[in-house]
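The numbers here are math on the coordinates, done by the rules we state, and not lab data. Please read all numbers here as calculations on a predicted model, not as lab measurements. Here the Cβ positions follow ideal geometry from the backbone for every residue, glycine too, while neighbour counts run over all protein chains shown.
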Amino acid sequence: MKNKKMTTKAGIFMKFLFVMLLVSVIPLLFLGLRSVVMNKDLSSTITKISSDAHSTAILDKQIQVSKGLAEAIDDYFATVHQNVLVVTSSIRKRDITSLQKRRVIESVYATSRDFLAVKVEDKGSKFYFSTPPRWNFNVEELRKLISKASPGNFVLSSPYFTDSFIAVDYCYSWKKGSYIFVVLSLNRIVEKLKNAPSNVDEEVFVVDSQGRIVIHPDFEKMKRKEKLDYISLIKDFASSFQMMSAEFNGPRNIPMIGAVVPSRQSGWGVVTWQTKSTAYAPIAQVKVYVKNYTHRLLKIGVLQLIIIIIISFIASFILSKNVSNPILELSKGALRVAKGDFSMPVKVKSKDEIGELAKIFNSMMVELKRYIDMQADKLDALVFSIREGLVMIDEKNRIILTNEEGRKILLLRENSIGRALLDEIKRPEVKKVISSLLESSDERTKGEINFVQEGVGKFFEVQNYPVKTREGSLIGSILTFRDITIEKQLAQMKDDFLHSITHDLRSPMTSIRGFLEILLDESVGPLNEEQKNFLRIMDESSEKLLTLINNLLDISKLEAGKMPLHLKETHLDKVVKRLVEFFKPQADSLKINLVFETSNEIQPIMADTVLIERVITNLISNALKFTPAGGKITVSIKDDYPEEGVVCVSVSDTGRGIPEEEKDKVFEKYHQVSDTSQKHTGTGLGLTVCKYIVEEHRGKIWVDSVYGKGSTFSFYIPKNLYKEGDEVKRKEN
């Protein structure tokens, strides 16, 4: 059995051996014999070859060596610069923490084998970091590089020795006052110089733009940093920074031949040179060799040519047929499997490894078909048992599978599998929602659609779940459709009920507050202190109740678009400052430090001053509620932040903060943060009113919070608002 296997392996080995011999040796022999025939006149021709022609060949070879090494240096620094851009991109992001930025830097440092040390200073965001911690950076060299660096470009120091490394300092600045400093190992470049293909007595090294040796396989020459600008080749390169080659007088006035190629990334040049005596030594040997062998090769050339052509033709035909036919059969079988056709096995009669491979391939095809059928049955059972609508699509948004409910909701045809999902959807309103979900970059997105189905209005919540492999590659997504019609109807009934009851309560509550004011003013008779105290409690309680009623009514108006904005020129900085001064006594009584900050002159905007005051009042009131004694509340205003053409107001506190899972819900109606609602009562409507008011002004409101450290509520209003009828619009720049 063992001998049989060895014979089979030997058979295919010999086939490929013969093929390689026929493919490689015969053409060489053919060309060699042809050269022999031509060698009648070769001897006399070689004597006429000029030293200039030989010089050109040597220079071409030297240029190729220098060019290859220059490209390697360019690739090296391009890779370094790409890694540096990854670091600077993360540093410039405002939505990630300093810890996350450090982790990005440490990750790039850990995965870049040429990075010896990294130092980052971003004065804009006050972010400073270096790794490894114990690395002793050359402060003087750092300052020199910073003075040379311009935004968007990098500069390099001269290479130097450190420990077991040949290093160079790299400095990149993306804006004034912000830079990244990297200590790079040049050991790989030195190894490439050492391993560069070279002839006897040939040197390959690197010079800078002034003609000094900066990298040399001989470390002693590198340490001396010898300046070679007295040599014509180096001098011309230093003045033009262009690729060039020439014959020249080298060190100690020795005649030499060489080439230099610039490295655009580093500003260096790769030099390859050789003494002329060594370079031209092979010419005499070639003349003698050709003369001796020309006559002998000529005699046997014709006979060898005929024999080898016949052998080559017969052997190539037989071996090509034996080797290519089984491979072609396997290729056709693999193509059928790729298309899902498992009906026809591969037929290969060869008894070597290819025959064994065909048998294994046929077994694999049977097992693969069985497995696919089993998985398809399971998947079909799972999908069709789900009551919600479900559609699965691939990475090109083509339908892979869907259940009955999904086809019913989207009105899909029976033969829609394999077609583009958006092309198959007939309802425009549904297509618009699903298109926005598919274009979203968020991991999980959801939307809402409503339409008439079977004569009844239906509401569906649509969610998009990405489908990834274990390696994290995106292979498609799953869309689910949940019927929320009953939820919508209940919500509408609740809103209608609240609107009705609050509308009916506001008038009597206003009357009650009016009578309470008359009683407190003692217009109808004097009161003792206990009576006044009771009336004040009633007045405060009625005020809270009236605020709740007004919030409910205002939300109803804002949702229905029936609360018109009265735009007028508003100096938002003065409004904020006045409200901070209004709340200052209350903050002092609670032992909370309330401060106002502004970084520059704020331009006036067009806004509804009363409603904007209400937003700021709500945010400051909430901050006072949830900030403990000894804490701090900072109210700030910025121009053209976070984008051009807006004014941003932020209220930051040092309270308990908001849990991560609650941050997306704080602006919802009636929602209160679970961690704080036990301590402070409220309606859960204040932030909802703020959200509607800001969005009516075509602005945005959001919260940034670290649980246990505090929260920052921010909103911005565009400067260029105007009214067209009852609609508020933003002018386009």
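A full extension of the chain between Ile484 and Glu356 corresponds to an added length of 40.2 nm, given 0.36 nm per residue minus the alpha carbon distance.
How would you classify the range 386-483 from its alpha-carbon gyration tensor, with a ≥ b ≥ c the square roots of the eigenvalues: rounded for a/c under 1.5, else prolate if a/b is greater than b/c, otherwise oblate? Cα axes put the range 386-483 in the prolate bin. Highest mean packing first, where packing is the average number of other Cβ atoms within 10 Å per residue, the peptides 96-106, 649-659 line up as 649-659, 96-106. A protection proxy built from the mean count of other Cβ atoms within 10 Å ranks the segments 158-165, 132-139, 251-258, most packed first, as 251-258, 158-165, 132-139. Projecting the Cα atoms of Ile400, Leu479, Pro466 onto the charge dipole of the range 386-483, computed from C-beta unit charges around the Cα centre, puts Ile400 farthest toward the positive end.
A straight chain from Ala281 to Asp229 at 0.36 nm per residue would run longer than the Cα-Cα distance by 15.9 nm. Paramagnetic label reach from Lys175 (point 7 Å along Cα→Cβ; backbone nitrogen cut-off under 15 Å): within the range 105-144, residues 121-128. Strictly over 30 Å apart at the Cα level, which of Lys625/Lys691; Lys488/Lys719; Lys235/Lys276; Lys119/Lys700; Lys396/Lys700; Lys431/Lys719 would you flag in this model? In this structure, Lys488/Lys719; Lys119/Lys700; Lys396/Lys700; Lys431/Lys719 lie more than 30 Å apart at Cα. Using only the Cα atoms of the range 54-279, build the gyration tensor, take square roots of its eigenvalues as a ≥ b ≥ c, and label the shape rounded, prolate or oblate: rounded if a/c is under 1.5, else prolate if a/b is larger than b/c, else oblate. It is prolate, given that a/c is not under 1.5 and a/b is the larger ratio. The ranking of Leu619, Leu474 from fewest to most other beta carbons within 10 Å of each one's beta carbon is Leu474, Leu619. Cβ-to-Cβ counts within 10 Å put Phe77, Phe582, Phe248 in ascending order as Phe582, Phe248, Phe77, the fewest first. Here the spin labels are modelled as points 7 Å beyond Cα on the Cα-Cβ line, and at Asp95 and Arg188 they lie 3.3 nm apart.
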